[in-house]
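A short reminder: the numbers here are calculations on the coordinates, not readings from a lab. In this text, all values refer to a predicted model and were calculated from it rather than measured experimentally. Ideal geometry is used to build each Cβ from the backbone, glycine not excepted, and the neighbour counts take in all protein chains shown.
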Amino acid sequence: MNIFDLPIKVDRFSGSAELFVLSHFHRDHMSGMKTAWSKGPLLCSRITANLLATLESVPEENLCVIEPDESREFGIDGRNVRITAFEANHCPGALMYMFEAGGGKIVYSGDFRLDDHLRERIPQMAGADKLYIDGTYASPDYAFPTQDESIAMVLDAVKGNMEKEILLAIYTIGKTKIVEALYNEFGRPVFVSKDKVKAYNAMGYGDCVTGERKQAGFIGYSRAYFDSYFRWNANRNPSNALVIYPSGMCFGMNQRAGFCYVPYSEHCDWSEFCEFVSLVKATEVIKI
């Protein structure tokens, strides 16, 4: 991504730069980053910094923290660059960035989900020269409920199947609002792998998960496990267990017995994408 022809790299960590910027801790936005990465100052949120230090052994002295609604100024290649961060409403720690230099303005959305909090901040971004925007679901085929509505669907599904074992398709970093809602509603954590426990502790959600099966109220596995490996058997089948599968990709998926598909997304749907573009009014729009 070209930020005013300056040596700034956003969500790309190969080669050299005076400043590296990370929107959030998802592998598809961390291309070129290796364990104990130390090529230069890396700008990110505090939660993302915690994840980088805990899971990737990135030295704390290489991490430059910025929080939502904060602006910081950097001298890059002899020019002054002002960077403002906004809450992206994606996974914990995810940020949207606005870069300003020499009267120009560039907005980089990273992955995001439009909500009222972000709508209040769009006027600061209006009139950008370039908008790099998350286009994951930028198609009229997609129309999602709000995240609160989707979470309510999950809680209702659990309440209607309290006699069953509840399994949940989750990410290591993501779907955290659902895990938190289950803990707040039922007072029981989700059983996850040790790596996920470490990640949730780094994000500040450690109480919501456990690595001890006996303490858990729910069982959490990665979505890939349910897609490729999970099979019903005599001991665990649709009569005594329910798999809750929250995903923006559940539209059009083949429905499976014993699965509850919830249209939960941490990316914008088509209407939100169009609304954001229309409000920012950028001269050039580039989907990422």
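Oblate is the label for segment 54-108. Its Cα gyration tensor axes, ordered a ≥ b ≥ c, give a/c of at least 1.5 and b/c at or above a/b.
Restricting attention to the chain, close to 35% of DSSP beta bridges with both partner residues there are antiparallel.
Per DSSP helix of 4 or more residues, -39500 (n - 2.57); summed, then divided by the residues of the chain. What does that give at 222 nm, rounded to the nearest 500?
Helix-only estimate at 222 nm: -7000 deg cm²/dmol.
Classify segment 1-152 as rounded, prolate or oblate from the Cα gyration tensor: take a ≥ b ≥ c as the square roots of its eigenvalues, call it rounded if a/c is under 1.5, otherwise prolate when a/b beats b/c and oblate if not. Since a/c reaches 1.5 but b/c is at least a/b, the shape of segment 1-152 is classed as oblate. Relative to the dominant Cα principal axis of the chain, helix 194-203 is inclined by about 50°. By the count of other C-beta atoms within 10 Å, a proxy for reagent exposure, Cys274, Cys91, Cys260, Cys64 are ordered fewest to most as Cys274, Cys64, Cys260, Cys91.
Over the chain, what is the relative contact order in whole percent, taking alpha-carbon pairs under 8 Å and six or more residues apart? Provide the component values of the computation, followed by the final result.
On the way: 590 pairs, mean separation 52.3, N = 288.
Averaging sequence separation for qualifying contacts and normalising by length gives 18 percent for the chain.
About its Cα centre, the chain has a charge dipole of approximately 980 debye under the convention of +1 per Lys or Arg Cβ and -1 per Asp or Glu Cβ, with nothing else charged. State the answer as a single residue: which of Leu63, Asn240, Met98 lies farthest towards the positive end of the charge dipole of the chain, with beta carbon charges of +1 for Lys and Arg and -1 for Asp and Glu, about the Cα centre. Going by the Cα projections, it comes out as Asn240. Diffusion of the chain by Stokes-Einstein, at 10 °C in a medium of 1.306 mPa s and with Rh set to the Kirkwood radius over alpha-carbon pairs, works out to 78 µm²/s. Estimated from the Cβ-Cβ distance and a Förster radius of 25 angstrom, the FRET efficiency linking Ala157 and Ala234 is about 0.60.
Can you grab the distance from the C-alpha centre of segment 65-88 to the C-alpha centre of segment 201-254, Å, no decimals? Centre-to-centre distance over Cα atoms comes out at 38 Å.
Relative to the current alpha-carbon distance between Arg27 and Asn80, full extension at 0.36 nm per residue lengthens the span by 16.1 nm.
Dimensions of segment 73-192 along the principal axes, based on C-alpha atoms and rounded to the nearest Å, stand at 64, 32, 22, largest first. Farthest toward the positive end of the dipole of the chain, out of Gly78, Val179, Ile151, is the Cα of Val179, where the dipole comes from beta carbon charges about the Cα centre.
I need to check one value: relative contact order of segment 147-262, counting alpha carbon pairs closer than 8 Å and at least 6 residues apart, in percent.
32 percent
Put in line by how crowded their Cβ is, counting other Cβ atoms within 10 Å and starting with the fewest, Asp11, Asp129 read Asp129, Asp11. Sorting Glu67, Glu163 from the fewest to the most surrounding beta carbons within 10 angstrom yields Glu163, Glu67.
The string of couplings for segment 45-62 from the Karplus curve (6.51, -1.76, 1.60, θ = phi - 60°) is 6, 5, 4, 4, 4, 4, 5, 5, 5, 7, 9, 10, 6, 6, x, 4, 5, 8 Hz, one whole number per residue in order, with x for Gly and Pro. Counting 0.36 nm for each residue step from Asp148 to Ile286 and taking away their Cα separation leaves a gain of 46.8 nm. At a Förster radius of 30 Å, what calculated FRET efficiency corresponds to the Cβ-Cβ distance of Leu279 and Asp141, to the nearest 0.05? Once rounded, the FRET efficiency stands at 0.85. Kindly identify segment 147-262 as rounded, prolate or oblate by the Cα gyration tensor criterion: order the square roots of the eigenvalues as a ≥ b ≥ c, call it rounded if a/c is under 1.5, otherwise compare a/b with b/c, prolate if a/b is larger, else oblate. In terms of gyration-tensor shape, rounded.
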